[in-house]
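Please read the structure below before turning to the comments.
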Amino acid sequence: MRLKTPIVKIRGIKVGGKNPIVIQSMTNTDTADAERTAKQCIELYEAGSELVRITVDSEDSAAAVKEIRRILDSKGYKDLPLIGDFHFIGHELLAKYTECARTLDKYRINPGNVGFGKSRDKNFEEFIKLAIKYDKPVRIGGNWGSLDQELLTKLMDKSPDEDIQIKTLVKSTLDSAKLAEKLGLKHDKIILSVKVSDVQELIKAHELLVKKMGKKPYALHLGLTEAGSGLQGVVSSSAALAILLQKGIGDTIRISLTPQNDEPRIREVQACKHLLQSLDLRRFQPKIVSCPGCGRTNNILFQKIVKEVNRYVDKNNLEPINIAIMGCIVNGPGESRHADIALHLPGKKEAGIVSVYVKGKFYKTLQGESITKEFIQIIEEKF
Ligand code: SF4
């Protein structure tokens with residue numbers, strides 16, 4: 001069952017409660033370059049990122065926020081929620097650049113990166129007071145790569161154990177959230193995250209966080225930090241996030257990927273969509289069930305059909321139906337009966353003929369050069 005978290009409103013998006021799990025991502029452009037940053041915000045948003053975060057790490061980037069918003073609005077993206085990611089000097093930037101403070105829809109602060117000793121609490125307080133002044137929600141996002149070292153040392157002295165980093169991360173994040181509430185930030189203006197780069201540790205951190213939050217949980221942002229790149233990054237993030245989401249933990253997710261070989265930034269958004277769709281938590285586009293193929297089928301024809309139907313689904317805005325494409329009669333008829341529309345090949349001896357099913361019932365056979373084209377026509381006619 002989903003954790004009963006409060007609903008945090010970020011521009012038009014609701015995070016938490018029973019709302020769908022929200023997808024988010026972050027730009028990797030220099031925020032001071034307003035044109036390029038706005039362009040990437042739009043790419044991410046168009047790909048399905050419902051919240052877009054930009055780093056605000058300098059005076060130039062804080063000054064550019066207003067222009068980024070202007071470009072977004074002028075291009076018809078008035079609904080796109082823009083989030084500012086702050087470290088070290090966030091309180092100073094928000095105080096000095098009031099348009100930046102006013103324009104952003106949410107602020108993110110890392111409690112491990114706001115200073116040391118007495119200035120740590122002071123800087124954090126200033127940051128939270130500005131969020132209250134401008135009526136903005138805040139993500140208090142802890143990361144084990146930037147732990148509060150004083151708290152870590154204190155806890156280590158008290159009871160050193162192998163989970164000390166996780167305990168420090170959770171405590172630091174929760175203490176910061178409580179302090180923010182004490183300062184006047186409402187419970188439904190806070191989102192928490194506790195990010196680590198190891199799958200098992202991430203699960204452990206969230207189990208502890210949920211336990212410590214008790215009966216008044218905060219809305220939660222999930223993500224495996226520094227997940228890596230390519231397949232490894234996608235698989236590690238999916239493994240961790242799937243386990244947590246299945247336990248009802250998490251209201252918004254990001255899959256952080258290091259772009260590989262000119263890989264588009266939107267890959268991380270696509271990964272989030274596939275993950276949520278695989279878990280049946282959201283539906284964005286048709287789900288294609290296809291077998292891996294083996295020696296029983298004509299793999300050339302089978303793989304060609306799968307590739308072309310996938311391309312068609314990716315390029316067209318279709319109802320979220322189930323499509324099955326199967327290599328032979330071993331599992332083909334059974335899988336076809338579960339799908340909205342399906343085809344299966346008979347086996348390699350009759351390679352050029354496929355059976356099509358609609359709503360679980362045999363519909364017709366197709367053969368020849370235009371199998372995929374005719375199959376797509378049937379999809380268009382029926383759905
Ligand atoms: S459905 Fe047929 S072709 Fe596909 S993997 Fe199974 S046995 Fe092989």
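For THR98, the conditions (1) out of contact with any Gly (no Cβ under 9 Å at 6 or more places or on another chain); (2) over 21 Å from LYS133 (Cβ atoms); (3) among the polar types (S, T, N, Q) all hold with the exception of (2). Per the listing VAL306, VAL313, VAL289, the residue uniquely surrounded by 14 or more Cβ atoms within 10 Å (Cβ to Cβ), more than 16 Å from the ligand (Cβ to nearest atom) and closer than 30 Å to SER25 by Cβ is VAL313. Here ILE253 fulfils each of the conditions (1) β-branched (Val, Ile, Thr); (2) under 27 Å from GLU335 (Cβ atoms); (3) within 14 Å of the chain's Cα centre (by Cα) apart from (2).
For the range 341-377, residues that are surrounded by fewer than 15 Cβ atoms within 10 Å (Cβ to Cβ) and touching a residue at least 40 places away in the same chain (Cβ under 8 Å) total 1. The one condition from (1) of a type outside the set (Phe, Trp, Tyr); (2) assigned to a strand (DSSP E or B); (3) under 38 Å from the mean Cα position of the chain (by Cα) that LYS373 does not meet is (2). For the range 208-240, a residue qualifies if it is free of Cβ contacts under 8 Å to residues at least 40 places away in the same chain, surrounded by fewer than 16 Cβ atoms within 10 Å (Cβ to Cβ) and either in contact with a strand residue (DSSP E or B) (Cβ under 7 Å, 6 or more places away or on another chain) or over 22 Å from ILE13 (Cα atoms) (or both), and the qualifying residues are LYS211, GLY214, LYS215, SER229, GLY230, LEU231, GLN232, VAL235. Being of a type outside the set (Asp, Glu) and not in a helix (DSSP H, G or I) is the filter here; which residues of the range 78-103 pass it? Listed by number, the residues that qualify are LYS78, LEU80, PRO81, LEU82, ILE83, GLY84, PHE86, HIS87, PHE88, ILE89, TYR97. VAL194 falls short on exactly one of the conditions (1) within 25 Å of the chain's Cα centre (by Cα); (2) part of a helix (DSSP H, G or I); (3) closer than 27 Å to ILE13 by Cβ, and that condition is (2). A Cβ distance below 7 Å, combined with a sequence gap of six or more or placement on separate chains, defines the contacts here; from the range 312-326, residues that are without any contact (Cβ under 8 Å) to a residue 60 or more places away in the chain reach residues that are part of a loop (DSSP other than H, G, I, E, B) and within 16 Å of the ligand (Cβ to nearest atom) in the pairs ASN322/ALA339; ILE323/ALA339; ALA324/ALA339; MET326/CYS291. When ILE305 is tested against the conditions (1) under 19 Å from the mean Cα position of the chain (by Cα); (2) assigned to a helix (DSSP H, G or I), the lone failure is (1). Within this structure, ALA351 fails the test of being modelled with pLDDT of 95 or more, small (Gly, Ala, Ser) and within 13 Å of the ligand (Cβ to nearest atom). For residues that are part of a loop (DSSP other than H, G, I, E, B) and aliphatic (A, V, I, L, M), scanning just the range 260-286, find the one that is nearest to the ligand (Cβ to nearest atom). In this case the residue turns out to be LEU279.
The rows are residues; the columns are (1) out of contact with any helix residue (DSSP H, G or I) (no Cβ under 7 Å at 6 or more places or on another chain); (2) under 18 Å from GLU35 (Cβ atoms).
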| position | (1), (2) |
| --- | --- |
| VAL52 | no, yes |
| SER58 | yes, yes |
| ILE68 | no, yes |
| ASP73 | yes, yes |
| TYR77 | no, yes |
| GLY90 | no, no |
| TYR97 | no, no |
| GLY115 | no, no |
| GLU125 | no, no |
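Filtered by the rule that a residue be outside any loop (DSSP other than H, G, I, E, B) and either away from the ligand (no atom under 15 Å from the Cβ) or touching a helix residue (DSSP H, G or I) at 6+ places or on another chain (Cβ under 8 Å) (or both), the range 321-348 gives ASN322, ILE323, ALA324, ILE325, MET326, ILE341, ALA342, LEU343, HIS344.
Within the range 324-340, which residues are of a type in the set (A, V, I, L, M, F, W, C) and surrounded by 23 or more Cβ atoms within 10 Å (Cβ to Cβ)?
Within the range 324-340, ALA324, ILE325, MET326 qualify.
Of these, LEU202, LEU179, LEU174, which one is part of a helix (DSSP H, G or I) and free of Cβ contacts under 8 Å to residues at least 40 places away in the same chain? Of the residues listed, the single one that is part of a helix (DSSP H, G or I) and free of Cβ contacts under 8 Å to residues at least 40 places away in the same chain is LEU174.
Checking CYS294 against (1) surrounded by fewer than 17 Cβ atoms within 10 Å (Cβ to Cβ); (2) away from the ligand (no atom under 16 Å from the Cβ): exactly one of these is not met. Which one? The one condition CYS294 does not meet is (2).
The values are calculated or read from the model by the stated rules, or taken from the named source; none is laboratory data. Not measured: the values here are computed from a predicted model. Ideal geometry is used to build each Cβ from the backbone, glycine not excepted, and the neighbour counts take in all protein chains shown.
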